[in-house]
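Here's the structure, in structure tokens; my notes come after.
The values are calculated or read from the model by the stated rules, or taken from the named source; none is laboratory data. Quick caveat, the model's predicted, so the values are computed rather than measured. Cβ placement follows ideal geometry from the backbone for every residue including glycine, while neighbour counts extend to all protein chains displayed.
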Amino acid sequence: MMTLNNLLLVVATLTVSGTIMTPTIADTQPPDYKTLKKYREQAAVTELWEPVPRLVDTTINGGPPSDAIVLFDGNHLERWESAEGTPPHWDVIDGHLVVVPGTGNLRTRQAFGDVQLHIEWRTPSTVSGEGQNRGNSGVFLMERYEIQVLDSFGNKTYPNGQAASIYKQHIPLVNASKAPGEWQTYDIVFMAPEFSRDGRIKRSATVTLFHNGVLVQNNVTVHGPTEYIGEPLYREHGEAALELQDHGAPVAYRNIWIREL
Ligand code: MG
């Protein structure tokens, strides 16, 4: 049976100065007060007491964390406008934000930089079209960098254009798509690009993306704004809105919240 003193001896012996020392049968005497005090002082050298992380409440009715900006909770579109700056023209149906094809993109009124974004989306249960024409929409970070939204459940297209791709730049690590008509989640960490004084790119944007809880983009580098044709090329810009794409399909969204990083 190990006594408390023996236990203290073993712990102190194993941890002193980061050196692993094996206790022997001869180590029968508990360390004296001075020795323990010295160990404590050595251990304190690597303890960081500042800064103290701000408390975030994650228990609020299973909803967003307490420091999130709720962009859409099913009730209204006060935080949104059209891509032209006019009042939002998409529908809110049964608490869901639904693309009205042909009306153009929707964007937040607020601009953002580095963010954590949670967004849920659903492609139509009635399947129509093929490839890029099946349940297409998109989440544009800073109005420029698209994470593709698409029905990629048994729907062949170029993989750097399927759901959870960084459109035309990065293929997702796996296809974590659910069937059309089912709700899906994106959890995104986006680090905005930084530009030097002369306007040239200093630090490219990066994206980490979980699709339905599965890691599909692991801190990938964004090469520039999303382009349909040709290579992306960074152009200097400041903070910008989160934008959702009208690509001709009545894709629905819900539970959209964002944390500024
Ligand atoms: Mg799209």
Failed item, numbered, when residue 260 is tested on (1) over 17 Å from the mean Cα position of the chain (by Cα); (2) of a type in the set (Asp, Glu); (3) surrounded by fewer than 18 Cβ atoms within 10 Å (Cβ to Cβ): (1)
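Criterion first (within 22 Å of residue 68 (Cα to Cα) and in contact with a strand residue (DSSP E or B) (Cβ under 7 Å, 6 or more places away or on another chain)) does residue 148 satisfy it?
Numbers: within 22 Å of residue 68 (Cα to Cα): no; in contact with a strand residue (DSSP E or B) (Cβ under 7 Å, 6 or more places away or on another chain): yes.
In short, no.
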Residues that are assigned to a strand (DSSP E or B), over 14 Å from residue 249 (Cβ atoms) and under 16 Å from the mean Cα position of the chain (by Cα), drawn from the stretch 94-138: 112, 115, 116, 117, 118, 119, 120
Search result, residues across the stretch 64-90 that are over 19 Å from residue 140 (Cα atoms) and in a strand (DSSP E or B): none
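Looking at the stretch 239-260, which of the residues that are of a type in the set (Asp, Glu) and within 24 Å of residue 56 (Cβ to Cβ) is farthest from the ligand (Cβ to nearest atom)? Don't jump to the end; show me each part of the working.
Here is the first cut: in the stretch 239-260, the ones of a type in the set (Asp, Glu) are 239, 243, 246, 260.
Filter once more, keeping what is within 24 Å of residue 56 (Cβ to Cβ): 239, 260.
On the way: 239: 22, 260: 25 Å.
Result: 260.
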Residue within the stretch 22-35 that is among the basic types (Lys, Arg) and at pLDDT 95 or above present: no
Filter result (among the small types (Gly, Ala, Ser) and modelled with pLDDT of 95 or more) within the stretch 58-82: 66, 68, 74, 82
In the stretch 116-155, residue farthest from residue 224 (Cα to Cα) [restricted to those that are crowded, with 21+ Cβ neighbours inside 10 Å and β-branched (Val, Ile, Thr)]: 123
Among the candidates 216, 174, residue that is surrounded by fewer than 19 Cβ atoms within 10 Å (Cβ to Cβ) and β-branched (Val, Ile, Thr): 174
Test: residue in the stretch 162-179 that is at negative phi, assigned to a strand (DSSP E or B) and of a type in the set (S, T, N, Q): no
Residue within the stretch 182-205 that is in a loop (DSSP other than H, G, I, E, B) and either within 16 Å of the ligand (Cβ to nearest atom) or outside the structural domain of residue 256 (by TED's automatic domain parsing) (or both) present: no
Cβ pairs under 6 Å, 6+ apart, first in the stretch 241-255 and closer than 15 Å to residue 96 by Cα and of a type outside the set (A, V, I, L, M), second near the ligand (Cβ under 9 Å from one of its atoms) and at pLDDT 95 or above: none
Some residue of the stretch 194-202 being on the phi < 0 side of the Ramachandran plot and crowded, with 17+ Cβ neighbours inside 10 Å: no
Single unsatisfied condition, residue 231 versus (1) without any contact (Cβ under 8 Å) to a residue 40 or more places away in the chain; (2) buried (at least 21 other Cβ atoms within 10 Å of the Cβ): (2)
